[in-house]
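Please read the structure below before turning to the comments.
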Amino acid sequence: MPRRNPSRPPPDPCCTLDITGADERRLVHLFKASGNPTRFEILKYLVTHPGCITGDIVEALPIAQATVSQHLKVLAEAGWTVAEPEGNATCHSLDERTVRWFRETIGKVF
């Protein structure tokens with residue numbers, strides 16, 4: 001453990017990280033889901049293309065449809081996205097409630 005110079009006061013804390021229980025588990029789950037580079041790219045795409053279908057994401061990213069579908073499943077299970085059937089396709093968008101909760105929570109702990 002690093003030693004602190006006793007003549008200098010400790011720095012002010014930058015954040016609280018005051019989160020426990022279900023909120024902590026939810027936040028960690030969201031971080032894990034968005035921590036994969038491909039899933040992060042999908043989230044970025046959904047920010048600028050709300051309500052797109054899986055094929056749109058496949059065209060935008062250099063990965064197969066099955067891979068996109070697997071990543072979308074992980075994002076949906078974490079709560080980042082919602083999917084609604086639209087004819088033969090599925091329309092994907094960010095879950096606004098989750099995004100709002102994430103922003104509020106991050107603002108409280110960091």
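The values are calculated or read from the model by the stated rules, or taken from the named source; none is laboratory data. Note that this is a predicted model, so its numbers are computed, not measured. Cβ atoms come from the backbone with ideal geometry, glycine included; neighbour counts cover every protein chain shown. For the accessible areas, the whole protein counts, side chains as well, though only heavy atoms, and no ligand, DNA or RNA atoms are used. Shrake-Rupley method; radii C 1.70, N 1.55, O 1.52, S 1.80 Å.
Worth pointing out:
- Checking each residue of the stretch 78-88 against the condition of being in contact (Cβ under 8 Å) with a residue 40 or more places away in the chain, closer than 24 Å to residue 26 by Cα and assigned to a strand (DSSP E or B) gives no match.
- Qualifying residue in the stretch 53-68 (condition: among the small types (Gly, Ala, Ser) and in contact with a strand residue (DSSP E or B) (Cβ under 9 Å, 6 or more places away or on another chain)): yes
- Residues (part of a helix (DSSP H, G or I) and within 17 Å of residue 84 (Cα to Cα)) located in the stretch 52-64: 54, 55, 56, 57
- Among residues of the stretch 16-51, those that are among the β-branched types (Val, Ile, Thr), out of contact with any His (no Cβ under 9 Å at 6 or more places or on another chain) and either within 15 Å of residue 102 (Cα to Cα) or in a helix (DSSP H, G or I) (or both), counted: 5
- Residue in the stretch 51-67 that is of a type in the set (Ser, Thr, Tyr) and free of Cβ contacts under 8 Å to residues at least 24 places away in the same chain present: no
- Tally of residues being of a type in the set (A, V, I, L, M, F, W, C), under 23 Å from residue 109 (Cβ atoms) and open to solvent by less than 40 Å² (accessible area, probe 1.4 Å) across the stretch 28-87: 6
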